[in-house]
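Taking it in order: structure first as structure tokens, then the write-up.
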Amino acid sequence: MTDLWYSEFHTDDVKFSIKVNRQLCSEQTPFQRIDFFESDTFGVFFTIDGLMMVTQKDEFAYHEMITHVPFAVNPDIRRVLIVGGGDGGTAREVCRYQTVEHIDLVDIDERVVRLCQKYLPQTACVLDKDPRLQMHFEDGLAFVRAAQAGSYDLILVDSTDPVGPGEGLFTTDFYTNCSRALGGNGILINQHESPFYTHYAHEMLRAHKKISDTFPIAQVYQFHMPTYPSGHWLFGFASKRFDPITDFRCEEWAALGLKTRYYNTALHRAAFALPTYVRELLEHGE
Ligand code: SAM
């Protein structure tokens, strides 16, 4: 019997592969192609247009780091907007905060949600279950354009890469509308790509420049994501008021007693300490 492998080119001459036990489904939607696979090491995982999105084994790193960093800076977050995130992992982490009153999740493609509910309940477990969470199946750019000024405390951009339907979420128009939709205490966390390979670093810098031009405070933090290109991934932290380190409410967050596998309060500070080459990229460009 021939082996079945999922492979993703991380550059023209570098590829990452996972041996697959079986393919669970493959679906072309009006927006993108979605594939689900099952493997020994990473469990169930899914890809969009051939690019890795979520695996059972390492999703905790991404979803904890996108969520707990902003909540540890502003424990009074009540109204949350998740743009993308149809797998539900980010929503699952946000729903752990009892103080959150309302969450809008806007994914352009309802099929991502429905397939994750079928094949990946580990991340989709709160979708259609938590009454605070309302799902909208439309373009995130149009949604934030139409949002009322000051209507959110936190916007989490949990999108695909800046190609295909995700492209509009990496524009100045989008970030400007996010800024308008956020109140004075608002925080934006952006899926910032990787600093390592040239192509990803280029996209990271483009996004960071636009966010820095839009928000008075714009910083970058890092985490380890084994299945993403190079394994070294970044989020952007942007705010009108809060600095992620000097405004960090370490004891208050610890007192919540939330059990996490990746995020912790020592790591919160450490994640903003960037390697020299990343600092130089951010300061001087490519
Ligand atoms: N953690 C993942 C990563 O960084 O690769 C992101 C996963 S999440 C599944 C990405 C979601 O963004 C997809 O479900 C996709 O449908 C959604 N998406 C892409 N473009 C969008 C847009 N313009 N508006 C709303 N959602 C969008």
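The values are calculated or read from the model by the stated rules, or taken from the named source; none is laboratory data. Just so we're clear, the structure is a prediction, and the values are computed from it rather than from any experiment. So basically every Cβ, Gly included, is an ideal-geometry build from the backbone, and we count neighbours across all protein chains shown. What goes into the accessible areas is simple: the full protein's heavy atoms, side chains included, and nothing from ligands, DNA or RNA. Shrake-Rupley method; radii C 1.70, N 1.55, O 1.52, S 1.80 Å.
Here are a few things to note about the model shown:
- Gained length - HIS136 relative to ARG269, 0.36 nm times residue gap less alpha-carbon distance: 44.5 nm
- Gain on full stretching of the segment that runs from HIS284 to ASP243 - 0.36 nm per residue minus C-alpha separation: 12.6 nm
- Among the protein heavy atoms, those of GLU138 account for about 80 Å² of accessible surface (1.4 Å probe, every chain in place).
- Cα-Cα separations in the chain greater than 28 Å, expressed as whole percent: 32
- Sequence-separation-based contact order of the range 4-54, relative, with Cα cut under 8 Å and 6+ spacing, percent: 25
- For MET52, solvent-accessible area (1.4 Å; no DNA, RNA or ligand), Å²: 10
- Estimated dipole of the chain in Debye, rounded to 20 [Cβ of Lys and Arg +1, of Asp and Glu -1, Cα centre]: 640
- For a label point 7 Å along the Cα-to-beta-carbon line of ARG206, residues of the range 1-18 with backbone N under 18 Å: 10-12
- Label-reachable residues, the range 210-231, where backbone N falls under 12 Å from a point 7 Å from THR11's Cα toward its Cβ: 230
- Label sites at ALA149 and VAL163, each approximated as a point 7 angstrom past Cα along Cα to Cβ, lie 3.9 nm apart.
- Taking all protein chains into account, the per residue accessible area for the chain stands at 43 Å² (1.4 Å probe).
- Distance in nm between pseudo-label sites at LEU258 and GLU38 (7 Å out along the Cβ direction from Cα): 3.2
- Within the assembled protein chains, the solvent-accessible surface assigned to ARG114 is about 70 Å², based on a 1.4 Å probe.
- Pairs exceeding 31 Å between alpha-carbon atoms, taken from LYS15/LYS129; LYS19/LYS209; LYS118/LYS210; LYS57/LYS129; LYS57/LYS210; LYS15/LYS118: LYS15/LYS129; LYS19/LYS209; LYS118/LYS210; LYS57/LYS210.
- Relative contact order for the range 75-176, counting Cα pairs under 8 Å that sit 6 or more residues apart, in percent: 34
- About the centre of its Cα atoms, the range 10-90 shows a dipole size close to 180 debye [charges on the beta carbon of Lys, Arg (+1) and Asp, Glu (-1) only; nearest 20 debye].
- Solvent-accessible area, 1.4 Å probe, carbon plus sulfur percent, for the range 4-54: 50
- Listed residues PHE16, HIS202, ILE82: farthest to the positive end of the dipole of the chain (Cβ charges): ILE82
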